[in-house]
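A quick write-up on the structure given underneath.
The values are calculated or read from the model by the stated rules, or taken from the named source; none is laboratory data. This one's a predicted model, so the numbers in the text were calculated from it and none came from an experiment. Please note: Cβ atoms are built from the backbone with ideal geometry, for glycine as well, and neighbour counts cover all protein chains shown.
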Amino acid sequence: MSADPLLSVRSLSVDFSAYGRRSQVLRDVWLDVPAHRHVALVGESGCGKSVTMRAIMGILSTPPARIASGQIWFDGRDLLAMRPRERENLRGTAMSMVFQDPMTSLNPVFTIGDQMGTILKYADRRLGRVRGRAGRMARVHEVLGQVRMPDPERIAQSYPIMLSGGMRHRVLIAMALLSEPRLLIADEPGTALDVTTQAQILKLLRDLVEDRGLALLMITHNLGVVRESADTVYVMYAGSVVEHAPTAELFAHPSHPYTRALIECVPKLSGDTTFRGIEGSLPDYSAPPPGCRFSPRCPLATPACGRPPVDRKVGADHGAACWQVEEASA
Amino acid sequence: MSASAGPISPARVSIAYQNWHRFSRNPTAVIGSIIVIVVIFAALLAPVIAPHPDHAGAIVNFPARHLPPSAQYWFGTDDVGRDIFSRVLFGYRVSLMLAAVVLGFAVPLGAALGLIAGYFGGWAEIVIMRLTDVALAIPPLVMALAVTAVLTPNLIHAMFAIAALWWTWHTRLIFSIARTLRQQEFVEAARTLGASRFHILFRELLPNCASAILVKTSLDFGFVILIGAALSFLGLGVQPPTPDLGTMVASGADYLPDRWWESLLPGAAILFVAMGFNLLGDGLRDLFDVESVR
Amino acid sequence: MSEPLLEVVGLSKAFPLRGGLFGRITGEVKAVNDVDFKLFKGEVFGLAGESGSGKSTIARMILGLTAPSEGAILFEGRDLTLEANASVRSRAVQMVFQNPGSSLNPRRSIGQSIAVPLEARRIATVEIDRRVARLLDMVQLPADFANRYPHELSGGQKQRVAIARALAVEPKLIVLDEPTSALDVSVQAKIMELLNDLGRSLGLTYIFISHDLSLMRNFANRVGVLYLGRLVEVGPVRTLFETPAHPYTRSLLAAIPVISAAEDALKPREPVVEGEIPSPANQPAGCAFHTRCPRAFAPCAKHFPDVVRLDAEHLARCHLLAPNGSRQVATEMQTAKQESAG
């Protein structure tokens, strides 16, 4: 296993300008996604996980967004320093994305085979590969088989409307796998699906990571999904990573006050949850509090929290960006 | 424990400010509104700003006939010596009033019918929409010609003729919007809360049609002015001596190409105002489209 | 046993399927099929189900937005489906919709939206303003929110407004249709807390519709589980979650992603269920779940099971539980009950 992670985000900061106001939407975000690993980026709406994902994929609308600083290392090269053409060549080939909603990501008037064939054609062109129609369709069938579709040939000839929700989701995953990517980014996989179907999709993703050595970055707001499928978790709040740990460790010893509050909020199957929520609301990104952005809502806040927190080690591979946690001895 | 412990992240910027911000950066919208404002002011203040206000009436000034544009007569004079520029300003009054009356009748009627057909469906929809279909099959200009030919040609009858068919476009438009809106949850919520049908139509649905109505009405101003001018050109609308742009184009046409200003300048004035409303309408549509896409 | 506040008897709803060139009616989709349940004043009755279960259709029928094809909805003994007066009906039952973004008119201010039911009753403007302020206070929003527009509010705040609006008519029963599924979990907790408090202080009765069983466990008193339009199991929440009888309930519970090992231990041991929920237009014959059920046997494909009374309050419809069916599940449940009692 290689020492360096396949994807490394370092000190990523992104601003947003709208109506004459500038908001700092991401502040010093960092994360690592090694090959053969399933990494989850978890947070509630407005925390910046989508912006992070778009920045990595290179599909952030700049304007109104602006990458203020940072690097995104992919396979040893900084994506932000690349020429746009080079970056575009990576998208859909070495790194690809599985979108959230199959209903809007699949064109209803073309068959699955047509859509996948077209994607493959353009990807091949970017890679300088030549493959005839038959070759493309063969690859399409192969990939549909990899996502465990029964009867790939029939699926390829179907229209999206003829497929069930779970099957459409598999198609989206298949589309992302066409050019043998090394990094897969999955945006809220299976949220629109029933629980059992979602479980099947998550199992598929896990198996792809294990069998093919893919690096998978999963964006989600669902802690239960994270616990059942991810290896490593990054928790985001208000534009920064506030805690990161291997999954079991995070749920066993959550350290950052936000992580702990969030876990408390999830209803427990035992039935003894008292509904409480977290006081306050997200900060105004155009006028954020100095220092820790969670401090206005944090029960442990002290004046020390006026300084921007740094990542402090609280366990093996486990860090939290909080002045109030006890630092583990190195 | 109040929910507003901190400022809200979603833009605390009012919709009015957002719209103004985008509007003022859209060249089409800005140019269009400048033109429209200029024309409206010109029309309103015509008696005051026209160099020769009395030329708008039934006077003759034979010594000054057929004079080309000059410092004294900016647009030149016509075949009886009247200042064309002043007449154009007064002509704008007529055009705008015609459009305002026609649309003032057609838009509310069309919108009301569209809302009723769209929300209630069933028989209301069948009756109203089939009637609309029939009316839409008649070309407006032909209808206007027929009406004004049967009744004596004058401004009122011209307005009536155009309005008689104009409401149909609005009915069509509002019908399709209302039909989509009726399935929205806030409409269902209003039903369960016991709101009257009047309330649902005019307090829930209508405000959501406002942007579409605004865009269409703005564009319509331009089209109605053009049709009015066309009718007058054919002698079926406004009658002399009331100054009207269409009539001026017609009477000036006899003297083309030597005395081009008598026909072309009133024609350019028509173009100017129609273009202004068109650009404004387009600009408004861009504005609202972005809002809905986002 | 006191009188139920709401009783649903034999409720069914079929939608016609139109096909062919002229839109002929070619069949029907049974969205809701012969559903019976009751609820009593002050309780929270949960309707759990996934896509195609018919839970939203049931809600709409109770609200009067759709008419049932068969069956009756009795509110305090009177059949609501026969109630022509919308005002009477709206006083009895109100709803909080799922999507806070679309249940408020974007072109009207919050105050205007909340005032809709009050205006419908011709209440004087001054009185309306007063009541709106009081309602905003009840849902813990500041009074000046009355002048704001929906786009200025967060999802949680919009749901509070929706709750305030539902309370304006002082209904006896409120149907909550997935009220928090579009919200973040921390916001969800606050909204559920609010609903709890309001339920207690105002003596409200709730029907709580959700696909989130963990949430259901903590909010409902009794739960009914729906699958493809049929009620397959009903019971008190503890009984249902600790000793679920119907295979669908068991597989649903087994599939929930939980966040602690302690909760894992509470889930039933159940083989993974294959496939996906069939479309309501293509319902399997007999018991609708038999195509995916790990324990299906001969009778399951032939006829829909009758109601089996497992307990005073716990009912299920499954051939496995019937006296002459397999005793396997029943025995397991017995053992589980003994374990939890001991």
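Worth a mention:
- Test: residue in region B:145-157 that is surrounded by 21 or more Cβ atoms within 10 Å (Cβ to Cβ), of a type in the set (A, V, I, L, M), over 30 Å from C:Ala67 (Cβ atoms) and more than 9 Å from chain C (Cβ to nearest Cβ): no
- Yes/no for C:Ser102 being at pLDDT below 90 and under 30 Å from A:Pro283 (Cα atoms): yes
- Test: residue in region C:261-284 that is in contact with a His (Cβ under 8 Å, 6 or more places away or on another chain) and outside any helix (DSSP H, G or I): yes
- Annotation note: Cβ proximity below 7 Å between a residue of region C:45-65 that is closer than 18 Å to A:Asp194 by Cα and a residue that is at pLDDT below 90 and of a type in the set (Asp, Glu) (sequence gap 6+ or interchain) occurs for C:Glu50/A:Asp194; C:Ser51/A:Asp194.
- Against the test of being touching a helix residue (DSSP H, G or I) at 6+ places or on another chain (Cβ under 9 Å) and free of Cβ contacts under 8 Å to residues at least 24 places away in the same chain, the options B:Asp78, B:Asp133, B:Asp83 yield a single qualifying residue, B:Asp133.
- Condition check for C:His303: more than 14 Å from chain A (Cβ to nearest Cβ), touching a Ser or Thr at 6+ places or on another chain (Cβ under 8 Å) and farther than 21 Å from A:Lys203 by Cβ: no
- Which numbered condition B:Asp289 fails, given (1) of a type in the set (D, E, K, R); (2) over 17 Å from the mean Cα position of the chain (by Cα); (3) closer than 26 Å to B:Asp78 by Cα: (3)
- Region C:114-142, residues that are modelled with pLDDT under 90, within 13 Å of chain B (Cβ to nearest Cβ) and surrounded by fewer than 17 Cβ atoms within 10 Å (Cβ to Cβ): C:Arg121, C:Arg122, C:Ile123
- Number of positions in region C:88-114 that are farther than 20 Å from C:Gly155 by Cα, touching a residue at least 40 places away in the same chain (Cβ under 8 Å) and hydrophobic (A, V, I, L, M, F, W, C): 2
- Within region C:224-238, the only residue that satisfies the criterion of being among the basic types (Lys, Arg) and closer than 12 Å to C:His314 by Cβ is C:Arg238.
- The listed residues are C:Pro271, C:Pro244, and the only one of them that is under 29 Å from A:Ala248 (Cα atoms) and modelled with pLDDT under 85 turns out to be C:Pro271.
- Test: residue in region C:304-316 that is under 22 Å from C:Leu215 (Cα atoms), small (Gly, Ala, Ser) and in contact (Cβ under 8 Å) with a residue 24 or more places away in the chain: yes
- Where helices (runs of 4 or more DSSP H) fall entirely within region B:32-137, those with at least 2 residues that are surrounded by 14 or more Cβ atoms within 10 Å (Cβ to Cβ) are at B:84-120, B:122-136.
- Residue list for region C:177-188, restricted to those being over 19 Å from A:Met236 (Cβ atoms) and surrounded by 21 or more Cβ atoms within 10 Å (Cβ to Cβ): C:Asp177, C:Pro179, C:Thr180
- Residue satisfying condition, being out of contact with any His (no Cβ under 8 Å at 6 or more places or on another chain), in a helix (DSSP H, G or I), within 14 Å of chain C (Cβ to nearest Cβ) and not small (Gly, Ala, Ser), within set B:Ile174, B:Ile200: B:Ile200
- Taking the criterion of being among the β-branched types (Val, Ile, Thr) and more than 22 Å from the chain's Cα centre (by Cα), the only residue of region C:277-307 that qualifies is C:Thr291.
- Put simply, of C:Arg160, C:Arg165 the only residue that is more than 15 Å from C:Ile209 (Cβ to Cβ), within 14 Å of chain A (Cβ to nearest Cβ), crowded, with 24+ Cβ neighbours inside 10 Å and of a type outside the set (S, T, N, Q) is C:Arg160.
- Remark: pairs (first residue in region C:134-158, hydroxyl-bearing (Ser, Thr, Tyr); second residue not in a loop (DSSP other than H, G, I, E, B); Cβ separation under 7 Å; 6+ apart in sequence or on different chains) = C:Tyr149/B:Ile15.
- Test: residue in region A:305-321 that is part of a loop (DSSP other than H, G, I, E, B) and among the β-branched types (Val, Ile, Thr): yes
- Tally, over region C:188-236, of residues that are over 14 Å from the mean Cα position of the chain (by Cα), within 14 Å of chain A (Cβ to nearest Cβ) and free of Cβ contacts under 8 Å to residues at least 40 places away in the same chain: 11
- Selection count, region C:45-92, where residues are under 14 Å from the mean Cα position of the chain (by Cα) and within 14 Å of chain B (Cβ to nearest Cβ): 7
- Elements of the type helices (runs of 4 or more DSSP H) sitting completely within region A:193-298 and holding at least 2 residues that are surrounded by 22 or more Cβ atoms within 10 Å (Cβ to Cβ) and within 14 Å of chain C (Cβ to nearest Cβ): these cover A:195-212, A:223-229, A:257-265.
- Out of A:Ala40, A:Ala35, one residue alone is hydrophobic (A, V, I, L, M, F, W, C) and within 14 Å of chain C (Cβ to nearest Cβ). It is A:Ala40.
- Qualifying residue in region A:14-26 (condition: out of contact with any Gly (no Cβ under 6 Å at 6 or more places or on another chain), within 14 Å of chain C (Cβ to nearest Cβ) and more than 20 Å from A:Leu205 (Cα to Cα)): yes
- A count restricted to region C:99-113 and to residues that are more than 8 Å from chain B (Cβ to nearest Cβ) and within 21 Å of C:Glu178 (Cβ to Cβ) stands at 2.
- For C:Leu173, the conditions (1) touching a Ser or Thr at 6+ places or on another chain (Cβ under 6 Å); (2) surrounded by 22 or more Cβ atoms within 10 Å (Cβ to Cβ); (3) away from chain A (no Cβ under 14 Å) are fulfilled apart from (2).
- Within region C:238-252, being more than 17 Å from C:Asp311 (Cα to Cα), within 11 Å of chain A (Cβ to nearest Cβ) and of a type outside the set (Ser, Thr, Tyr) holds for one residue alone: C:Leu252.
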